[in-house]
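Undergrad: The following block contains the structure, expressed as C-alpha cells.
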Amino acid sequence: MKIHEYQAKELFRTFGVPVPDGSVAFSVEEAVEVAKGLGSYPVVVKAQIHAGGRGKGGGVKLAASEDEAMGFADDILGMTLVTHQTGPEGRVVNKLLVEAGQEIATELYLSLLVDRATAGIVIMASQEGGMDIEEVAASTPEKIIKVRVDPLTGIQGYHLREVGFGLGLPKAALREFSTLLKNLYTLFVKNDCSLLEINPLILTKDDRVMALDAKVDIDSNALFRHRSLLDLRDLDEEDPLEVEASNFNLNYINLDGNVGNIVNGAGLAMATMDIIKNAGAEPANFMDVGGGATAEMVENALRIILKDEKVKAVLINIFGGILRCDVFAEGIVAAAQKVGITIPVVVRMEGTNVEKGKEILAVSGLNLINAVDLKDAAEKVAAAI
Amino acid sequence: MSIFVNKETRLVVQGITGKEGQFHTRQCIEYGTNVVAGVTPGKGGQTMDKVPVFNTVRSAVEATGANTSMIFVPPPFCADAIMEAADSGVALIIAITEGIPVLDMVKVKNFLATKTCRLIGPNCPGIITPGECKIGIMPGKIHLAGGPVGVISRSGTLTYEVVDQLTKLGIGQTTCIGIGGDPVNGTNFIDVLGAFENDPDTQAIVMVGEIGGNAEEEAAAYIKAHVTKPVVGFIAGLTAPPGRTMGHAGAIISGNSGTGQAKIEAMEQNGIRVCKNLGTIGETCKEFF
C-alpha cells in the first residue's frame, strides 16, 4: 500500500525522524493558513499524489511570499500532474503539502528495503541525493552504499557507522544521522514497510540532517496488524474499478487493451494476458480470482470487467483441476444472465466433468464461446473483437 | 526415483481441522499420501477422519514419526507454524498459506539458515511425485507417473496448465514443485535444479518463472554451469506493467529490474529453450526433449 508524502512525514515525526515544519492542505485557503503559520518564507508547496517525479512535472514550487504561496497553491490544486510514474494520463492533484523551506548544504539519498535475494533489510545510501537512484546505480554503482541488516538481531552501531562514514558526513552531523537512521529502521520494522525512501535527505548549513522528501510503502499482507495504517489508504489515488475489485478480494489491474480476461491464479493470469497479446489483441486487465475459483467470484469479476468500456470481448480461463466444471459452467451461465452480456465471452475451462460443463455452455443460448484449449481460446477471443 | 517426497514420506498437516486443511488433506489421502498426523492447537486428542490430531508439532512427530509437514495455517500465525515445524525436527516443510507478511518471512528464512530442514513455499501449490505422494493443493489426476520430466514453477495454476499439456502428450513427470510466488521463500529454483540433476530418473526439466526479482537469471547461470539435462523455460508476465504487483507478492517489475524480457534473454543465453507461448509448451517439450 502506498501512502502520501505528508502521511509518511507524520510517521517520521512520530518516530523521531526530523522533517521540515509543515502540514497538509486541501484548499488554497488552507494552504495559505499553513504558510502563514510557518512564520517565515520561503515555503514549499508540494502536490500530493502517489507518484514520484512531481518536481519535474511542475508539482513542487518554492514560494517567497504569501501571495506567491497562494498563487502556486491555486495552480497546483486541481491540476493534472504528469510525471514519468503517472503515465501520460497524469493524476489530478487534490492535496498539497505546505512546508518551511530549508537551507540546503548537501543532498543525500537514503532508503531501506526488503532485499528478496538475501532475505534481509538493506540500507541504501548515496551522496548523489536528488537524482534518480536507478540511474546512479546503473552509471556509477560505486557511489551507492549498501548495508544489510540481519532481521533477527536488528540494526547495530556498526551499520550506522558504515552508512554515516560512507556518506562522508561531517563529524558534527554524525550523531544526529545515526539517531535518524536507527529511528527509521524502527519505523520500518514496526510498521511492516516494504520500502522507505528519502530523496533527498539533506544536510543543512548548520550540520543538521532532515528528510526533505518521504516515500513509504506498507506491506499489504501485514495490514491485519496495523489497523490504524488502513486509514492512510487514499482511494482517490486508485482506479475506481480496482477499488471495487479489491472489495471482493479480487486481484485486478486495469490496463489499456480491449480483451478483458478472468483467470484463476496469478501466474496463469499473467500468462493469459501474454497469450492474448500473442494472438494479436491487447489485454484490458489482469484479473486473478484466486487459485480455487468459484462461480460467485467469476460473477463479480465479470461484472467489474464489463463496466470497463474499452472491453470488446472477454476470455474466461479457469484451470480448476479439483473443481467440477459442470457446477462451474452453471455458475458462469447464471452470472452471464445476471450481469447481462452483449459482447462475446470465450470460456476455457479444465477440471472434472469438463465435457458436461461445455455442454451446459453450448446449450445456454448465451454469447458464450467454448474453447478446447488455451491456444484455441486466445485465437477465438482475438477473432471475436 | 523422484526428489524430496515419495512413498516413504510421513506427513503431518498443520491446520488440519480448518476448512482448507480438511479438504486438501482428504484429497492427499485419496491420492495415496501417507498422512500420519495433524496439528491444531487445542484440538489434540481428536481425529480428522482417521488421522490423529495433536496440539503441537513436537508431540505429533514424537508419536508418529512424521518427517514432512504441510501447512494451512492462516497468514498471521504461519511464520510461527513454520518455525515450530523446523524446531520439531521435521525435515521438509511445505507452506501453502498465501499472504504472510514479508518481514515475517525474512525472519523465518534467517531462522531456517541455522537448521537443516528444507522449506517449500510459502504461497505455493506444494509438491507431487506422481503415483506416490501428493502434498499440496494441486489436482492429482492431471499428472502422469514415471517421469522423465521434472517440473519447477513459481506459480500454481500455471503449473497445472503445463503439467496437463505434458500429460496429454504422454510425457510423465518425476516430481513437480511449486516454489511459490512470494518475494522471500524457502527452496529456490537452484535448489530444485540441483536435485533434478542428481535424480537419475529425471531426464529433462521444465522451469516456469515469472516477472519480479532475479531468481530466473541466477537459475539460468546455474543451469549453464551445473545442469547437463535439457531445460525448457517459460516466463509469465511479458505484458505486465511496471510497478504493479501482479497477484503474487513477488511478481513486480521494479524500475528496470525483474522484467520478463531480461529473464528470457538470460535463459536463452544459457542454453535454455524458452517457450514464448503457453499454449504450445507441451509441444515444445515433446520436440526438445
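What follows draws every value from the coordinates through simple rules; no lab data is involved. None of the values given here were measured: they were computed from a predicted structure. Positions of Cβ are generated from backbone atoms using ideal geometry, with glycine treated the same way; all protein chains shown enter the neighbour counts.
Undergrad: Is there any pair with a first residue in region B:1-25 that is under 20 Å from B:Arg58 (Cα atoms) and a second that is surrounded by fewer than 16 Cβ atoms within 10 Å (Cβ to Cβ) and among the basic types (Lys, Arg) whose Cβ atoms are under 8 Å apart and which are 6 or more apart or on different chains, and what are they?
TA: B:Thr17/B:Lys43
Undergrad: Inside region A:225-278, can you point out the residues that are within 8 Å of chain B (Cβ to nearest Cβ), crowded, with 16+ Cβ neighbours inside 10 Å, free of Cβ contacts under 8 Å to residues at least 40 places away in the same chain and over 18 Å from B:Asn277 (Cα atoms)?
TA: If the condition is that a residue be within 8 Å of chain B (Cβ to nearest Cβ), crowded, with 16+ Cβ neighbours inside 10 Å, free of Cβ contacts under 8 Å to residues at least 40 places away in the same chain and over 18 Å from B:Asn277 (Cα atoms), then A:Asn251, A:Ile253, A:Leu255 are the ones that fit.
Undergrad: Can you tell me which residues in region A:192-206 are away from chain B (no Cβ under 14 Å) and either surrounded by 19 or more Cβ atoms within 10 Å (Cβ to Cβ) or in contact with a strand residue (DSSP E or B) (Cβ under 8 Å, 6 or more places away or on another chain) (or both)?
TA: Correct list: A:Ile198, A:Pro200, A:Leu201, A:Ile202, A:Leu203, A:Thr204, A:Lys205.
Undergrad: Quick one: in region A:132-143, which of the residues that are within 14 Å of chain B (Cβ to nearest Cβ) and surrounded by fewer than 17 Cβ atoms within 10 Å (Cβ to Cβ) is nearest to A:Gly55 (Cα to Cα)?
TA: Filtering region A:132-143 for residues that are within 14 Å of chain B (Cβ to nearest Cβ) and surrounded by fewer than 17 Cβ atoms within 10 Å (Cβ to Cβ), the one nearest to A:Gly55 (Cα to Cα) comes out as A:Asp132.
Undergrad: May I pose another question? Only one residue in B:Ala195, B:Ala204 is touching a Cys at 6+ places or on another chain (Cβ under 9 Å), more than 30 Å from A:Asn221 (Cα to Cα) and buried (at least 17 other Cβ atoms within 10 Å of the Cβ). Which one?
TA: B:Ala204 is the lone residue from the list that is touching a Cys at 6+ places or on another chain (Cβ under 9 Å), more than 30 Å from A:Asn221 (Cα to Cα) and buried (at least 17 other Cβ atoms within 10 Å of the Cβ).
Undergrad: Could you say whether any residue in region B:217-225 is of a type in the set (Val, Ile, Thr) and within 13 Å of another protein chain (Cβ to nearest Cβ)?
TA: No, because not a single residue in region B:217-225 is of a type in the set (Val, Ile, Thr) and within 13 Å of another protein chain (Cβ to nearest Cβ).
Undergrad: Based on what the data block shows, is A:Gly129 buried (at least 21 other Cβ atoms within 10 Å of the Cβ) and in contact with a Leu (Cβ under 6 Å, 6 or more places away or on another chain)?
TA: Considered against the rule, which asks whether it is buried (at least 21 other Cβ atoms within 10 Å of the Cβ) and in contact with a Leu (Cβ under 6 Å, 6 or more places away or on another chain), A:Gly129 comes out as yes.
Undergrad: Considering only region A:279-310, state which residues are within 14 Å of chain B (Cβ to nearest Cβ) and out of contact with any Gly (no Cβ under 8 Å at 6 or more places or on another chain).
TA: Hits for region A:279-310 are A:Ala279, A:Gly280, A:Val289, A:Gly292, A:Ala301.
Undergrad: Continuing with this model, one more query. Please state which one of B:Ala95, B:Ala91, B:Ala113 is more than 9 Å from chain A (Cβ to nearest Cβ), without any contact (Cβ under 8 Å) to a residue 60 or more places away in the chain and among the small types (Gly, Ala, Ser).
TA: Only one candidate qualifies: B:Ala91.
Undergrad: Say we look at region B:190-216 and pick out the residues that are more than 24 Å from B:Gly147 (Cβ to Cβ) and of a type in the set (Gly, Ala, Ser); which of these is nearest to the other protein chains (Cβ to nearest Cβ)?
TA: Among those residues, the one meeting the criterion is B:Gly213.
Undergrad: On to the next question. Just to verify a result, which residue in region A:346-357, among those that are farther than 17 Å from A:Ile262 by Cβ and assigned to a helix (DSSP H, G or I), is nearest to the other protein chains (Cβ to nearest Cβ)?
TA: Once the filter is applied, the top-ranked residue is A:Val354.
Undergrad: Going through region B:240-289 one residue at a time, which ones are on the phi > 0 side of the Ramachandran plot and more than 13 Å from chain A (Cβ to nearest Cβ)?
TA: Of everything in region B:240-289, just one residue is on the phi > 0 side of the Ramachandran plot and more than 13 Å from chain A (Cβ to nearest Cβ), namely B:Gly271.
Undergrad: I've got another one for you. Given the residues A:Ala47, A:Ala119, which is the only one that is crowded, with 16+ Cβ neighbours inside 10 Å and within 27 Å of A:Gly166 (Cβ to Cβ)?
TA: Matching residue, one of A:Ala47, A:Ala119: A:Ala119.
Undergrad: May I pose another question? How many of the residues making up region A:340-365 are surrounded by fewer than 17 Cβ atoms within 10 Å (Cβ to Cβ) and closer than 15 Å to A:Ala313 by Cβ?
TA: Number satisfying all stated conditions: 3.
Undergrad: Take region B:167-188 and flag every residue that is within 14 Å of another protein chain (Cβ to nearest Cβ) and surrounded by fewer than 24 Cβ atoms within 10 Å (Cβ to Cβ).
TA: Answer for region B:167-188, where residues must be within 14 Å of another protein chain (Cβ to nearest Cβ) and surrounded by fewer than 24 Cβ atoms within 10 Å (Cβ to Cβ): B:Thr167, B:Lys168, B:Leu169, B:Thr187, B:Asn188.
Undergrad: Tell me which residues, restricted to region B:230-271, are of a type in the set (Val, Ile, Thr) and buried (at least 24 other Cβ atoms within 10 Å of the Cβ).
TA: B:Val231, B:Val232, B:Ile235
Undergrad: Check A:Val114, A:Val98 and return the single one that is in contact with a strand residue (DSSP E or B) (Cβ under 7 Å, 6 or more places away or on another chain), within 30 Å of B:Gly186 (Cβ to Cβ) and surrounded by 20 or more Cβ atoms within 10 Å (Cβ to Cβ).
TA: Being in contact with a strand residue (DSSP E or B) (Cβ under 7 Å, 6 or more places away or on another chain), within 30 Å of B:Gly186 (Cβ to Cβ) and surrounded by 20 or more Cβ atoms within 10 Å (Cβ to Cβ) holds for just one of A:Val114, A:Val98, which is A:Val114.
Undergrad: Moving on. Among the residues of region A:296-303, is any assigned to a loop (DSSP other than H, G, I, E, B), buried (at least 22 other Cβ atoms within 10 Å of the Cβ) and not acidic (Asp, Glu)?
TA: No: region A:296-303 contains no residue that is assigned to a loop (DSSP other than H, G, I, E, B), buried (at least 22 other Cβ atoms within 10 Å of the Cβ) and not acidic (Asp, Glu).
Undergrad: So, restricting to strands (runs of 3 or more DSSP E) that lie completely within region A:81-177, which ones have at least 2 residues that are of a type outside the set (A, V, I, L, M, F, W, C) and in contact (Cβ under 8 Å) with a residue 60 or more places away in the chain?
TA: A:104-115
Undergrad: Of all residues in region B:120-142 being at the interface with chain A (Cβ under 10 Å from one of its Cβ atoms) and of a type in the set (Val, Ile, Thr), which is surrounded by the fewest Cβ atoms within 10 Å (Cβ to Cβ)?
TA: Within region B:120-142, the match that is surrounded by the fewest Cβ atoms within 10 Å (Cβ to Cβ) is B:Ile137.
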